[in-house]
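S.K.: After the structure tokens below, expect a handful of questions from me.
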Amino acid sequence: MEIINRRQRMFSISRKLRREEKTVGFVPTMGALHAGHLALVQEARAANDIVVVSIFVNPTQFNNKGDLEKYPRDLTADAALLTEYDVDYIFAPEEHEIYGEGFSTYVNVEGITDTLEGASRPGHFRGVATIVTILFNTVRPDRAYFGQKDAQQVAVIRRLTADLGFETEVVVMPTIREASGLAMSSRNERLSAEERGKAVVLINALREAKLAFKKGERNASVLAQIVRDTVATEPLATIDYVAVIDRDSLQPIEKIGDGEALIAIAAEFAGVRLIDNVILNRKQ
Ligand code: PAF
């Protein structure tokens, strides 16, 4: 496994791999790796000749400076983990390698970034879309792997991949959960064991609503209310939004039909923002 810090080096490896007709699976991360990331790496390992993982805490997607400063960073621990997963390259550039002097080009995916996380974290998706574009252009992957937990991020990346004509297949893997059901997230590290236990209310609430859906409830506002009522039983949680939306367009749905839909939630838990979602009418 090689750790690459320079963009030029990553470019020349990507060029070489393409010449050799090797397929490249890419897992973009911000480090602080957990079982959710490792599931993506395993999938990439199984389906590609070469696996590249990027580790870059991307400053442009943080709208809150405190959040950026608190973001856990431990490249040595992350690299040690990735060695066990037979990763070929870690791309871990310094900030100036990506955002050099005079950097002034950003990628804006319009429409679907206005709501949900986009509304609560202005500029966040501009940062995500910009870094993912830069990383795709540098690594030139055949497949890139993302987790369903970040449903809006997935929709944004699918849109930009199609719009900008990247030849990369976006592969979305199911959310990996702790034994309690809590969705894996680097942010969970900022919760105490007790808070982590209580944060399970989010997935429990989503599962309550999914159960009601399975029993025949199709009215989105009823399903959303089930989620709100369940979360309200936990005083530590403050809901930002509960939304019932189309899986791709992220448009709100009033009555759920045959298409895939999501119930998505964001809530603050002891100062830590958590998100989660469940899929209704899953096709595969
Ligand atoms: O999901 C993440 O960790 C980040 O948003 C990503 C895709 C690596 C871009 O910085």
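Coordinate-derived values only; no laboratory data. All values reported here derive from a predicted model rather than from experimental measurement. Please note: Cβ atoms are built from the backbone with ideal geometry, for glycine as well, and neighbour counts cover all protein chains shown.
S.K.: Quick check of the Kirkwood formula: for segment 1-128, what is the inverse mean of 1/r over all pairs of different Cα atoms, in Å? Write out the running numbers ahead of the final one.
M.R.: Working: mean 1/r = 0.0621 Å⁻¹.
Kirkwood radius, segment 1-128: 16.1 Å.
S.K.: Using only Cα atoms and rounding to the nearest 10 degrees, what angle (0 to 90) does helix 35-47 make with the longest principal axis of the chain?
M.R.: 50 degrees
S.K.: Whole-Hz ³J(HN,Hα) for each residue in segment 154-161, computed from phi via Karplus 6.51 cos²θ - 1.76 cosθ + 1.60 with θ = phi - 60°, x for glycine and proline: what do you get?
M.R.: 4, 5, 5, 6, 4, 5, 5, 5
S.K.: A follow-up question, please. Rounded, prolate or oblate, given the Cα gyration tensor of the chain, with a/c below 1.5 counting as rounded?
M.R.: Note, shape of the chain comes out prolate.
S.K.: Now for a different question. Order 174-186, 92-104, 44-56, 207-219 from most to least packed using the mean count of other Cβ atoms within 10 Å.
M.R.: 44-56, 174-186, 207-219, 92-104
S.K.: Still on this structure, I have one more. Just to check I understand the Karplus step: with θ = phi - 60° and J = 6.51 cos²θ - 1.76 cosθ + 1.60, what whole-Hz values come out for segment 141-149, glycine and proline as x?
M.R.: Karplus-based 3J(HN,Hα) across segment 141-149 equals x, 6, 9, 10, 10, 9, x, 5, 4 Hz.
S.K.: If one takes the longest principal axis of the Cα atoms in the chain, at what angle in degrees, from 0 to 90 and to the nearest 10, does the Cα axis of helix 75-84 lie?
M.R.: 90 degrees
S.K.: Something else now. Near the amide H of Gly147, under 5 Å away, which other amide H atoms are found, from residues 5 or more places off or on another chain, if H is placed in the peptide plane?
M.R.: Under 5 Å from the amide H of Gly147 lie the amide H atoms of Met173, each far enough along the sequence or on another chain.
S.K.: Hey, what do the phi angles of segment 176-185 turn into as Karplus ³J(HN,Hα) couplings, whole Hz, using 6.51/-1.76/1.60 and θ = phi - 60°, x for Gly and Pro?
M.R.: Using θ = phi - 60°, the values come out as 8, 10, 5, 4, 6, x, 4, 5, 5, 7 Hz.
S.K.: Among Asn188, Val200, Leu211, which residue has its Cα furthest toward the positive end of the charge dipole of segment 178-218, with +1 on Lys/Arg Cβ and -1 on Asp/Glu Cβ?
M.R.: Leu211
S.K.: If you don't mind, there's one more thing I want to ask. By per-residue mean of other Cβ atoms within 10 Å, what is the highest-first order of 108-114, 24-30?
M.R.: Ranked by mean Cβ neighbours within 10 Å, highest first: 24-30, 108-114.
S.K.: Separate question: Name the lysines eligible as straight-distance cross-link partners of Lys283: C-alpha to C-alpha under 16 Å, and not fewer than 8 places from it in the same chain.
M.R.: Once the sequence-local lysines are set aside, what remains near Lys283 is Lys210, Lys214.
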